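The values are calculated or read from the model by the stated rules, or taken from the named source; none is laboratory data. What you are looking at is a predicted structure, and each value in this text was computed from that prediction instead of being measured. With ideal geometry, Cβ positions are generated from the backbone for all residues, glycine too; neighbour counts draw on all protein chains shown. The area values use the complete protein model at the heavy-atom level, side chains included, leaving out ligands, DNA and RNA. Shrake-Rupley method; radii C 1.70, N 1.55, O 1.52, S 1.80 Å.
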Amino acid sequence: MTRHLLDIDDLTAPELAEVLDRCADPSPPPPVLAGRGVALIFEKPSNRTRNSTEMAVVQLGGHPISLKPDEVDIGGRESAEDVARTLACYHSVIAARVFDHSILERMAAAVDIPVVNLLSDHSHPLQALADLLTIRAELGDLARRTVTWVGDYSNVARSLGLAASMSGMGLRFACPPGYDPPPEDLARFGDLGAPVADADPDPKAMVDGADVVVTDAWYSMGQEAERAVRKPIFEPYRVDAGLMSAAAPNAIFLHCLPAHRGEEVTDDVLDGPQSRVWPEATNRLPAARGALEWLVRRTWTEA
Ligand code: CP
Ligand code: NVA
């Protein structure tokens, strides 16, 4: 059966644990993509995602082809469905970074090969896998650890919330009103297994005793025009040494990158002893490799 990864909850909790174990397996990657192509569409810029996903395809024996918006003009030159149907003539997986999440849903509905989300306005599942790998490597068992998200409730926040909930982690969100998780998302996190899923605009209260502190840009790709409006609203949500001192003594700091140094995080935190942003970036490759391997096996080998 064709499996897609548009967000983390396309997996069940046991499947997520299985994927994480595949990602963390140090043995040589199996050549499940030998003789197969993977199309990577980027409607937005990317450094980590493009490089880690292309290398993951190569390590699995496949051939990646990255496509820029001027080459695949979804909705301009042809519809999302026809773009996907065309790529499925030559490739075994389609992976895409898009502005509008519904483009991914339409592509997934049009083809019988896996469609993978490389970031949309809604979610960023491969980042969440890398984040859990990083937390697991640092803190061991994820269950009952607490992760505090500070700042904008972004695509990255939503996917991390799902992944952490499905792993039994407690969740706290310190976000300005209007940029915080909707009640239905908090309820979903609880339903998925988070022992706690709280939101409060006070960053110190939410960071208090946390095992993991995470933030993201105050304005995501596509929201740059909102910078002037957002900046003063988010000023109290900068992660600095003072805020980190409220977390647990051995707490770690994560950021998906790119960071806007001096905005959502200070240099001393980003480059400091609690920061694990480089292991986190490093984990993007095993995350992409483990996820692709799992999707390919589930779609073909174990059909
Ligand atoms: N974290 C992340 O997705 O980085 P890029 O935008 O550079 O791919
Ligand atoms: N929330 C950010 C993440 C970048 C990797 C964005 O969407 O731009």
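Return a whole-number percent for the relative contact order of the chain, with Cα pairs under 8 Å and 6 or more residues apart as the contact set. It would help to have the intermediate numbers written out before the result.
On the way: 625 pairs, mean separation 64.2, N = 303.
Contact order relative to length: 21 percent.
Which percent, to the nearest 5, of DSSP beta bridges fully inside the chain are antiparallel? Numbers along the way, then the final one.
Values: 0 of 34 bridges.
So the antiparallel bridges in the chain amount to around 0 percent.
If I ignore ligands, DNA and RNA and count only protein heavy atoms, how much of LYS231 is accessible to a 1.4 Å probe, in Å² to the nearest 10?
Ignoring ligands and nucleic acids, LYS231 comes out at about 70 Å².
Report the net charge of residues surrounding ARG261, where surrounding means a beta-carbon distance below 10 angstrom and charges are Lys +1, Arg +1, Asp -1, Glu -1.
Cβ neighbours under 10 Å give a net charge of -4.
By accessible area of protein heavy atoms, probe 1.4 Å, what ranking do SER165, SER220, SER27 get, highest first? Before the final figure, lay out each step's value.
Working: SER165 0, SER220 25, SER27 60 Å².
Per-residue accessible area, sorted high to low, gives SER27, SER220, SER165.
With contacts defined as alpha carbon pairs under 8 Å and 6 or more residues apart, what's the relative contact order of the range 1-156 in percent? It would help to have the intermediate numbers written out before the result.
Values: 223 pairs, mean separation 40.7, N = 156.
Answer for the range 1-156 is 26 percent.
Can you give me the solvent accessible area of THR299 with a 1.4 Å probe, rounded to the nearest 10 Å²?
THR299 exposes around 10 Å² with every protein chain in place.
Over the chain, with the other protein chains present, what is the accessible area per residue in square angstrom, probe 1.4 angstrom?
Working: 12050 Å² over 303 residues.
Roughly 40 Å² per residue, with all protein chains present.
Please give every one of the lysines within straight-line cross-link reach of LYS204, meaning a C-alpha to C-alpha distance under 24 Å, and leave out same-chain neighbours fewer than 8 residues apart.
Partners found: LYS231.
Only Cα pairs within less than 10 Å get springs; with that Gaussian network setup on the chain, which residue of VAL212, VAL229, VAL57 has the largest fluctuation?
Ranking VAL212, VAL229, VAL57 by mean-square fluctuation puts VAL229 first.
Summing -39500 (n - 2.57) over the DSSP H runs of n ≥ 4 in the chain and dividing by its residue number, what mean residue ellipticity at 222 nm do you reach, to the nearest 500 deg cm²/dmol?
On the way: 13 runs with 120 residues, N = 303.
That comes out to -11500 deg cm²/dmol.
For the pair GLU15/GLU78, report the inter-label distance in nm, with labels modelled 7 Å from Cα in the Cβ direction.
The modelled label-to-label distance comes out at 2.8 nm.
Top to bottom by accessible area (1.4 Å), largest first, where do MET55, MET1, MET206 land?
Working: MET55 90, MET1 140, MET206 20 Å².
Accessible-area ranking of MET55, MET1, MET206, largest first: MET1, MET55, MET206.
May I ask you to give the percent of accessible area on the range 98-170 that is carbon plus sulfur, with a probe radius of 1.4 Å?
Here carbon and sulfur together make up 44 percent of the probe-accessible area.
Run the numbers for SER27 and THR282: contour at 0.36 nm per residue of separation, minus the present Cα-Cα distance, in nm. Kindly include the intermediate steps, with their values, before the conclusion.
Details: separation 255, 0.36 × 255 = 91.80 nm, distance 1.69 nm.
Here the answer is 90.1 nm.
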